[in-house]
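A short write-up of the structure that comes next.
The values are calculated or read from the model by the stated rules, or taken from the named source; none is laboratory data. Bear in mind the structure is a predicted one, so any value in this text is a computation, not a measurement. Counting neighbours? That spans all protein chains shown, and the Cβs are built from the backbone with ideal geometry, glycine included. Protein only, heavy atoms only, side chains kept; ligands, DNA and RNA dropped before computing areas. Shrake-Rupley method; radii C 1.70, N 1.55, O 1.52, S 1.80 Å.
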Amino acid sequence: MITTVVGNYPKIPDLPAPGRWRTAVEKFQRGEITEEELRRVEDEVTVEVLREQAEAGVDLVTDGQIRWEDGQTYFAKRLTGFSIDGLQRYFDTNVYYREPVAEGEVRWVAPITVRDFEFARANSPKPVKPVITGPYTIARLSQNKYYPSLRDFVLALARALNQEMRALEAAGAEIIQVDEPAILQHKEDFPLFEEAMGVLTEGVKAKKALYTYFGDVAGIYPAILDLPFEVVGLDFVAGYRNWEVVRAAPFPKELGFGVLDARNTKMETVDQLLDALRRISEVVPPERIHLNPSCGLEFLPRGAARRKLEVMVQAAARAREVLV
């Protein structure tokens with residue numbers, strides 16, 4: 001069993017600590033600092049969140065996605081073919097993102113997250129996994145004004161992001177996470193999703209983790225286990241039905257066990273998480289469990305996020321002692 005996180009981490013510290021990232025962004029938007037100065041602050045905040053995850057005891061960390069505007073924009077701005085439009089609500093959260101608009105051919109022209117991964121790896125005492133937003137989710141959260149069909153759009157994104165995964169692997173990434181929450185809202189598209197995941201992962205030999213959240217996999221389980229990923233991450237909080245769904249068929253892969261509520265400041269206890277681990281270990285043996293939050297932690301205050309990770313790590317330590 002290992003402990004990990006799903007992706008983002010709160011950018012802004014709790015008061016009275018100064019919110020250097022937000023201040024830097026506002027100054028940059030007013031033209032008061034250079035882009036280089038903004039990037040320096042982003043680097044400093046990234047080092048902070050890497051340290052906080054490590055101090056909490058997390059085994060496998062991310063860079064916290066401090067540089068990301070959001071999961072869609074960060075990639076759309078750096079691929080060809082996109083413009084960026086107005087604000088849209090991100091699923092059922094109180095977070096908004098700027099909607100990408102496909103107006104031309106979508107192509108990969110240069111690494112997008114490789115520098116982020118290399119910086120995080122150089123500044124983290126723990127192993128780092130890079131994360132990319134998957135092609136289906138980017139397509140579903142974008143406007144398509146260029147491609148004749150959703151399939152054409154998704155597959156173009158899959159081809160582009162396959163090059164990003166290859167670049168991450170060439171940079172030394174041993175595990176790459178792909179976030180695809182949107183498929184849970186459009187399960188009727190699973191045949192297209194399956195095709196896209198094949199294109200996305202073609203030729204990538206690094207361990208691959210597919211993470212879903214904000215819902216359950218009823219209706220696409222166990223078919224989701226046939227996708228070319230070694231780890232499948234499921235949300236057992238918003239997708240509480242996953243508890244019964246995963247019992248419908250054997251689970252031969254590693255499980256990203258999203259049982260820590262990343263959208264609620266209410267603090268879990270070690271005993272609660274240990275009980276959940278006992279229950280899921282009836283389906284997936286402990287050595288194949290990645291214990292993690294239900295989704296990214298940016299919905300929480302930073303102090304609450306860190307405390308939740310500390311409880312999660314303590315529960316994993318207890319589980320390693322009692323679940324044999």
Spatially proximal lysines relative to K308 (Cα-Cα < 28 Å; intrachain offsets below 8 disregarded): K11, K126, K129, K207, K208, K253, K266
Could you list, bin by bin from short to long, the percent of Cα-Cα pairs of the range 109-153 in 5 Å steps? 4, 18, 19, 15, 14, 12, 9, 6, 3, 0
Contour minus Cα-Cα distance for E230 and T23 (0.36 nm per residue): 70.5 nm
Taking a crude spin-label model, label points 7 Å out from Cα along the C-beta direction, the R241 to E321 distance in nm is 3.8 nm
Note down the nm distance, to one decimal, between modelled labels 7 Å out along Cα→Cβ at E37 and at Y146. 3.5 nm
For the range 149-302, what is the relative contact order in percent, using Cα pairs closer than 8 Å and at least 6 residues apart in sequence? 19 percent
The ratio Rg/Rh over the Cα atoms of the chain, Rh being the Kirkwood inverse mean 1/r radius, stands at 0.95
Å² of accessible area per residue within the chain, as computed with a 1.4 Å probe and no ligands counted: 42 Å²
Sparse-neighbourhood loop hits (trypsin sites (Lys or Arg not before Pro), the range 69-161; DSSP loop; Cβ within 10 Å at most 13 others) -> K145
When you take every Cα atom in the range 195-324, what is the radius of gyration, and what is Dmax, the widest Cα pair distance, in Å? 14.9, 42
Report the net charge of residues surrounding T201, where surrounding means a beta-carbon distance below 13 angstrom and charges are Lys +1, Arg +1, Asp -1, Glu -1. -3
Applying 1/(1 + (r/R0)^6) with R0 = 51 Å to the Cβ-Cβ distance of R89 and T269, what FRET efficiency is obtained, to the nearest 0.05? 0.95
Longest DSSP-loop-exposure-free segment, GluC sites (Glu not before Pro), the chain, at most 16 other Cβ within 10 Å: 70-173
List the residues whose amide H sits under 5 Å from the amide H of G7, counting only those 5 or more places along or on another chain, with H placed 1.01 Å from N in the peptide plane. L297
For the range 21-61, just run the numbers: alpha carbon Rg, then divide by 2.2 N^0.38 Å, N being how many residues it has. 1.45
Rounded to whole Å, give me the distance from the Cα center of the range 44-81 to that of the range 268-293. 26 Å
Two decimals is fine: what's Rg over Rh for the range 171-260, C-alpha atoms, Kirkwood radius as Rh? 0.95
Expressed in Å to one decimal, the Kirkwood Rh of the range 68-213 from all distinct alpha-carbon pairs is 15.5 Å
At 4 °C in a medium of viscosity 1.567 mPa s, the range 212-281 has a Stokes-Einstein diffusion coefficient, with Rh taken as the Kirkwood radius over alpha carbon pairs, in µm² per second, of 102 µm²/s
Taking a crude spin-label model, label points 7 Å out from Cα along the C-beta direction, the E188 to I2 distance in nm is 3.9 nm
Considering only protein heavy atoms and a 1.4 Å probe, what is the carbon-and-sulfur percentage of the accessible area of the chain? 48 percent
If I take every Cα pair under 8 Å that is 6 or more residues apart in the chain, average their sequence separation and divide by the length, what percent do I get for the relative contact order? 20 percent
